[in-house]
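Here is the structure we will look at.
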Amino acid sequence: MYYLLLDGAQTGPFTLAQLIEMWRARRITPITLYWEEGNADWLPLHNIVPLLEMPERAAAAGSPPTLPKPSTQPASGAGSASSEEILLAEHPTLWHWAGELFWATILTPLVIGIFLFIHVFWARATTRYRVTSLRVSIETGIFTRSSRELRIADIRSITARANMFGIGDIEFSTAAREEAEVAFWGLSHVERVRDLVKQLQNTQS
């Protein structure tokens, strides 16, 4: 039986067949945290994605064998890219540009309002946040790309701020710098992303 953390609350228990149904309906994602008997802590569902994507008839046949634990050591050398798994990839929400959108709406009758709308939607489309099994990163631009990244193992400080809808900002930094090396602005489900990164830190410590 499985338990889930959904919207900050523990739910369950669920059978594997129920999890598969929720996965197919996209009610749960790879960063949703789960717990089952034998787990020492809550883990992201990306650990059992192969089970969630198996045919329902296989799930009905009984409990599948336990998957081996993922490696807790960062990969190095030529095999690094193949062993790195993308757990989160998304754009910031429009909430980050709420002020600009307000003025764009007010100034719509003028040309400047149209340009503000174009600026906001272009900025959102060209900003990408990513969390992998090894690092967090932000990439901006299309023709000229700029990126900043920080290894999970090097993160020493995580600062998260969210509104009542779970939308907000999260900053990642090392002990060597007071300011954040990588920051996700206008991110949805901030607390889930924070918990995911903390769990990755635990597995790599």
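For segment 56-65, the condition of being at pLDDT below 70, over 22 Å from LEU200 (Cα atoms) and of a type in the set (Ser, Thr, Tyr) holds for at least one residue.
Checking the structure you have, find out if any residue of segment 85-94 is part of a helix (DSSP H, G or I) and at pLDDT 85 or above.
yes
How many of the residues making up segment 152-200 are surrounded by 15 or more Cβ atoms within 10 Å (Cβ to Cβ), among the polar types (S, T, N, Q) and under 20 Å from ALA98 (Cα atoms)? Of the residues in that region, 1 qualify. Of the residues contained in segment 165-178, one or more are found to be aliphatic (A, V, I, L, M) and touching a residue at least 60 places away in the same chain (Cβ under 8 Å).
Considering segment 1-40 alone, what residues qualify as being among the polar types (S, T, N, Q) and more than 25 Å from VAL190 (Cβ to Cβ)?
Answer for segment 1-40, where residues must be among the polar types (S, T, N, Q) and more than 25 Å from VAL190 (Cβ to Cβ): THR15, GLN18.
The values are calculated or read from the model by the stated rules, or taken from the named source; none is laboratory data. Quick caveat, the model's predicted, so the values are computed rather than measured. Ideal geometry is used to build each Cβ from the backbone, glycine not excepted, and the neighbour counts take in all protein chains shown.
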